[in-house]
Amino acid sequence: MGRVSGRSCIVTGAAQGIGRAIGEALLDEGADVCFADINGDKVAQVAQGNAERAQRSGGKITHAAVNVTDRAQVRAMIDHTVSLFGKLDVQFNNAGVNKPMNFMDVTEENWKFIMDINGLGVLIGMQEAARQMIAQGSGGKIVNTASIASRQGFDNVAPYCASKWAVVSLTQSAARDLAKHDISVTGFAPGVVATEMWEEVDRDLLRIGASERPGQAMEEFSAEILRGRVAQPADITGTTTFLASRESDYMTGQIVMIDGGMTLV
């Protein structure tokens, strides 16, 4: 029996990268998982491609298209999951975006785009998950994706840094409020992870003149990692599965750094 066997989980931003890896690791440990993403077609393909994985582990799988800034869509995603799995035990608020701009060039549009998804999306996700868990009366777990940027500001991604600092604050606020309902709220902070999102960030930094050649940004960030390499999504999922499991029941309000020793706090 896996560490999360029988647990009903939702993972947003699950069409690729860390979100997809989180969902697949949960399936491997016996969970029922809803893969959710704004890209409905892509997340449907991911879910279909993991059908055999779910069958092997004894879990169930479904998918949902969701804009995490739209409360009605978030509620529909949760209702869909509960209708199939019978409950909601764990919600991963993982969906996030970044669009680098040099600090003096940051626009209101850039700020709002990033803060709406990374900040407001997490708030709505936590609220709606908590409402479901409170109605069930059996507690639950909410896990939010922060970042090394939640601990240190970087000049070319200021709105992203602000949004991830917001994730830390929201995690702590929710942990205080929801403890009385036996709902724990935690988060994790990845560093440099070899995903599609980092590839896009690298291209954007080149476009705005913050780097001179492809791959330079990742190389420079990697030089500060004590473990000597960038992370792969699989380096993250041991911790995320732990946060979804009963083994972390006494944790709440905490952000776990998973950055290879890049940021020591």
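Every number in this text was worked out from the coordinates using simple rules, so none of it is lab data. What you are looking at is a predicted structure, and each value in this text was computed from that prediction instead of being measured. As a convention, Cβ positions derive from the backbone with ideal geometry for all residues, glycine included, and neighbour counts pool all protein chains shown.
Amide H contacts of Lys60 (H built 1.01 Å from N, in plane; Pro and chain starts excluded): Asp32, Val33 sit under 5 Å, all sequence-distant by 5 or more or on other chains.
Temperature 20 °C, viscosity 1.002 mPa s: under these conditions the Stokes-Einstein estimate for the chain, based on its Kirkwood radius over C-alpha pairs, is 116 µm² per second. In this structure, the amide hydrogen of Ile258, modeled 1.01 Å from its nitrogen in the peptide plane, lies closer than 5 angstrom to those of Ala189, Gly191, counting only residues at least 5 positions away or on a different chain.
Peptides 106-114, 194-202, 31-39, ordered by how many other C-beta atoms sit within 10 Å of their residues on average, highest first, read 31-39, 194-202, 106-114.
If N is the number of residues in segment 1-107, what value comes out of its Cα radius of gyration divided by 2.2 N^0.38 Å? Walk me through the numbers before you get to the answer.
Numbers: Rg = 14.7 Å, N = 107, 2.2 N^0.38 = 13.0 Å.
Dividing the Cα radius of gyration by 2.2 N^0.38 Å gives 1.13.
Going through the cross-link list Lys42/Lys141; Lys60/Lys99; Lys99/Lys141; Lys60/Lys87; Lys60/Lys180, which pairs have a Cα-Cα distance over 24 Å in this structure?
Details: Lys42/Lys141 26 Å; Lys60/Lys99 35 Å; Lys99/Lys141 30 Å; Lys60/Lys87 13 Å; Lys60/Lys180 30 Å.
In this structure, Lys42/Lys141; Lys60/Lys99; Lys99/Lys141; Lys60/Lys180 lie more than 24 Å apart at Cα.
Could you rank the peptides 76-89, 142-155 by their average count of other C-beta atoms within 10 Å per residue, with the highest value first? Before the final figure, lay out the partial values.
Values: 76-89: 18.6, 142-155: 21.7.
Packing order, densest peptide first, comes out as 142-155, 76-89.
How far is it, in nm, from the label point at Ala234 to the one at Asp182 when both lie 7 Å from their Cα along the line to the Cβ? Label at Ala234, label at Asp182, 3.6 nm between them.
Once the dipole of segment 1-134 is set up with Lys and Arg at +1 and Asp and Glu at -1 on Cβ about the Cα centre, which of Val33, Ile18, Met115 lies farthest towards its positive end? My answer, from the dipole projection, is Val33. Taking Cα centre as origin and charging only the Cβ of basic (Lys, Arg, +1) and acidic (Asp, Glu, -1) residues, the dipole magnitude of segment 14-95 rounds to 80 debye.
The length gained on full extension between Met1 and Ala194, counted as 0.36 nm times the residue separation minus their Cα-Cα distance, comes to 66.4 nm. Note on Asn102 and Ser83: the model spin-label points, each 7 Å out from Cα along the C-beta direction, lie 5.1 nm apart.
Nearest 500 deg cm²/dmol is fine: what mean residue ellipticity at 222 nm does the chain get from its DSSP H runs of n ≥ 4 alone, each adding -39,500 (n - 2.57), divided by its residue count?
After summing the helix terms and dividing by residue count, I get -14000 deg cm²/dmol.
Taking every alpha-carbon pair under 8 Å whose residues sit at least 6 apart, the chain reaches a relative contact order of 19 percent. Within segment 124-247, all pairs of alpha-carbon atoms sorted by distance into 5 Å bins from zero give the percentages 2, 10, 16, 19, 18, 13, 10, 7, 4, 2, 0. Each Lys and Arg contributes +1 and each Asp and Glu -1, all at the Cβ; summed about the Cα centre of segment 106-160, the dipole is approximately 320 debye.
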